[in-house]
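Structure first, then comments.
The values are calculated or read from the model by the stated rules, or taken from the named source; none is laboratory data. Because the structure is predicted, anything quoted here is derived from the model rather than measured. Heads up, the Cβs are rebuilt from the backbone with ideal geometry, glycines too, and the neighbour counts pull from every protein chain shown. All accessible areas refer to the heavy atoms of the entire protein, side chains included, with ligands and DNA or RNA removed. Shrake-Rupley method; radii C 1.70, N 1.55, O 1.52, S 1.80 Å.
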Amino acid sequence: FKGGDTCEYLLSSGRFLGEKVWQPHSCMMHKYKNSEAKNCLIDKHVVFIGDSRIRQLFYSFIKLINPQVKEEGIKHGNIPFEDKSASIKVDFLWYPEVNGSMRQRIKSWTEGSVAKPHIIVVGAATWSIKIHNGSNEALAQYKINITSIAPLLEKLAISSDVYWVLQDPVYEDMLSESRKMITNEKIDAYNEAAVRILNSSSRNSKAKVKVFSVSKLIAQETIMKSADGLHLPESSRDTNAMILMNVYCNKIMKPIDGSCCQPQPPLTLIQKIAFCFFTLSIIGYLIISLIHRNNYRKNKSCTDLESGEEKKPAISTPNVSTLEMLLQCFCKLGLIMTYFYLCDRANLFMKENKFYTHSSFFIPIVYILVLGVFYTENTKETKLLNREQTDEWKGWMQLVILIYHISGASTFLPVYMHIRVLVAAYLFQTGYGHFSYFWIKGDFGVYRVCQVLFRLNFLVVVLCIVMDRPYQFYYFVPLVTVWFMIIYATLAVWPQIVQKKANGNCLWHFGLLLKLICLLTCIYFLSYSQGAFEKIFSFWPLSKCFELNGNVYEWWFRWKLDRYVVFHGMLFAFIYLALQKRQMISEGKGDPLFSNRVSNVLLFISIVSFLTYSIWASSCKNKTECNELHPSVSVVQILAFILIRNIPGYVRSVYSSFFAWFGKISLELFICQYHIWLAADTKGILVLIPGYPMFNVLVSTFIFVCVAHEISQITNDLAQIVVPKDNSTLLKRLLCIAGFFSGLHFFSAMQDRSRH
């Protein structure tokens, strides 16, 4: 940990990811849109002072505000720009040399009667080298002139942001004859003089002129693409303009994926209360552990000195009490949440932007698939979609999704469309699994509902408190929670139709199908009636759960994207269980699911369907259009995969224990990645070990997987305590949970009031 200001890193260091993506050292750079740039610079006055290189930077900067601007106007003269809608003024002032004229202009802003610009960007040197033929006398005069200007810039820096742009290197082989005297050696001498004088003038001052030296690093990589050897290519100067925007605007706009120049957010009231709670839990657990250890030592077996026989302890070692287990869980959870906070809220560890390449996605995919095949074992049962197989399915899908997120593969549309199918497959399993349970068991009790809701939501609720994020931010958990409640409501409302009842009378099957048709109708109506959907989820307290950035549009989009797949899962479970009951499928070890002829036909159709969907997804050109079709067609590849995986008897009888292990903690992996594997709420990558990307991924992945596994254990332990089977005890716990959320809402309201 080097400490320091991320603004300094942004202005002075970094590297290229690929050819065009600039990665600052230790932090993430946000790509500002026109609307964001306008909101940041509203009522601001920005001034660029210098030569043709500064003019280039000026044009790139104003194009961030208005992309329609063309580089027209007087080359060797002042150029004004104004955006009246946001009251933004950006001026370029032509002062190609650091001389008395430039000094006079800067001095005019230091006088009280003249309005000072909010941002001042200054830089010049190549004209001095060119006009004076690179003489040493010109360099000496340059030093004198900067020395006279430096105090004025320092004075302006008290109330304005002042940047001195160092001179970029040139590509000497491409320079015209009239510019041959502009050498990199001369440029380095001028830059060195500027840095030394500006740093010495600010040594005893709180204000400081920021030296914009990162442009040099960018130019070293790209100047070879210059048209004349002197001026930077457009992509490079656009990068410089974006860096300027990040330096000034990040602290104002606070973008999630712009960690450079952002101060650490202050602790909220709820975070402080959570910190106190976890601290007390750790202290309480340590005290109880010490008491138990002392009691154990006192009652430990000892040798009778007279008879030489061993005496038995009067009291046996006590079992772990509920209170001790509770404190132990919260103790572990407190330490884990501290790590979460340090990784993604404190400015302790570095964060970097994602950069997609085909190799960064496909090579890890091949690697984990080989590992998965290596750990092949026989299943305990050979039923279709048995427990080991569904765990395996969840596991490999989760690993692929993790690789997709860390590699930034969402920018590659074919990969994005296939990942959408994997998310849909999770929801398909939600429909299949919960329907099967309620249909077979007929258990609609409160205990079952509370167990499922607790296991799904516990980690997310804790993260909402510790990381100060809304519930809807972790969109997948609200999605599976709502769908679970929809499945429960569909099957629990009168008449309750379960397998035991339906076996007595076949008409009950039609009654259940009627319920499923009603569910499908409601889904169809809500998917095409955004207004009705938003009204339902805008009522308090649902609005507190499903709003993101002040509205429920994000929730509607997420729900709509996979709106039919849970229904498909329920329908598939119903058909499969009906066929199984009538012994129309064979699930013996090594046996094909159907007769050989039917199995071969279905297998052929499944393979063709699977490949057809992949070809369609790979040929997608527009994400919006493909997303519109996705809810209706994603089930094709899901059903094709299920049949390919289950029709052949041998394939159904084996599973990958490697994937199944990850499948058991898939929910925790999906949620934990937000903060301790990725960074900036999934927008970037967490860097624990700078300079060694592969080693960093290995270390951060190991910690991430261990933490996810531990949280899964903690959730299971707490579920037994918080959600007991006894109905009267469960009712008391539910009242306590209601009190907890009421208190959380009260403190949240206090927080919001203090923020406003």
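Tabulated data for the structure shown
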item	result
Check: the chain dipole with +1 on Lys, Arg Cβ and -1 on Asp, Glu Cβ, in debye	1340 debye
Directionally averaged shadow of the stretch 354-723, computed from the convex hull of its alpha-carbon atoms, nm²	19.5 nm²
Mean separation of Cα contacts under 8 Å, 6 or more apart, over the residue count of the chain: relative contact order %	15 percent
Residue-count net charge about Asp681 - beta-carbon cut-off 14 Å; Lys, Arg +1, Asp, Glu -1	+2
Calculated log₁₀ intensity ratio I(q)/I(0) where the Debye formula runs over C-alpha points of the stretch 536-683, q = 0.11 Å⁻¹	-0.68
Helix axis angle, 100-110 relative to the chain longest principal axis, alpha carbon, degrees	50 degrees
Carbon + sulfur, % of accessible area of the chain - ligands and nucleic acids excluded, 1.4 Å	61 percent
The stretch 563-643 - Debye-derived log10 I(q)/I(0), Cα point model, q = 0.17, 0.18, 0.24 Å⁻¹	-0.81, -0.87, -1.20
Cross-link reach list, lysines versus Lys683, counting only Cα pairs under 20 Å and skipping chain neighbours closer than eight places	Lys20, Lys31, Lys33, Lys251, Lys254, Lys351, Lys354, Lys623
Cα lying deepest toward the dipole's positive end in the chain, options Tyr59, Tyr655, Phe361, charges on Cβ	Tyr655
Solvent-accessible area per residue for the chain (1.4 angstrom probe, square angstrom)	49 Å²
Gain upon complete extension [Ile144, Tyr528; 0.36 nm per residue less C-alpha separation]	131.2 nm
Neighbourhood net charge (13 Å Cβ-Cβ; Lys/Arg +1, Asp/Glu -1) for Lys725	0
Test item: Cα-centred dipole of the stretch 175-280, Lys/Arg +1 and Asp/Glu -1 on Cβ, debye	580 debye
The stretch 6-253: antiparallel DSSP beta bridges as a percent of all, rounded to 5	35 percent
Protein-only accessible surface order, largest first, of Cys40, Cys464 at 1.4 Å	Cys464, Cys40
Theoretical FRET efficiency, 1/(1+(r/R0)^6), r = Cβ-Cβ of Ser619 and Ala578, R0 35 Å, to 0.05	0.40
0 to 90° range, to nearest 10: angle between helix 358-374 axis and the chain longest Cα axis	30 degrees
Projected area, mean over directions - the stretch 6-253, Cα convex hull, nm²	13.1 nm²
Listed candidates (i) 102, 84, 51; (ii) 105, 70, 48; (iii) 80, 70, 62 - label of the one calculated as Cα extents along the principal axes in Å	(i)
By average C-beta atoms within 10 angstrom, highest first, the peptides 640-646, 603-609	640-646, 603-609
Segments 288-299, 92-103, 573-584 sorted - mean Cβ within 10 Å per residue, highest first	92-103, 573-584, 288-299
Computed accessible area, Ile615, all protein chains, 1.4 angstrom probe, square angstrom	120 Å²
With all protein chains modelled, accessible area of Trp109 [1.4 Å, Å²]	10 Å²
Heavy-atom accessible area order for Thr390, Thr376, largest first, 1.4 Å probe	Thr376, Thr390
Dipole magnitude of the stretch 6-253 about its Cα centre (Cβ charges: Lys, Arg +1; Asp, Glu -1), debye to nearest 20	660 debye
Most to least accessible of Phe58, Phe594 (protein chains only, probe 1.4 Å)	Phe594, Phe58
Helix axis angle, 269-298 relative to the chain longest principal axis, alpha carbon, degrees	50 degrees
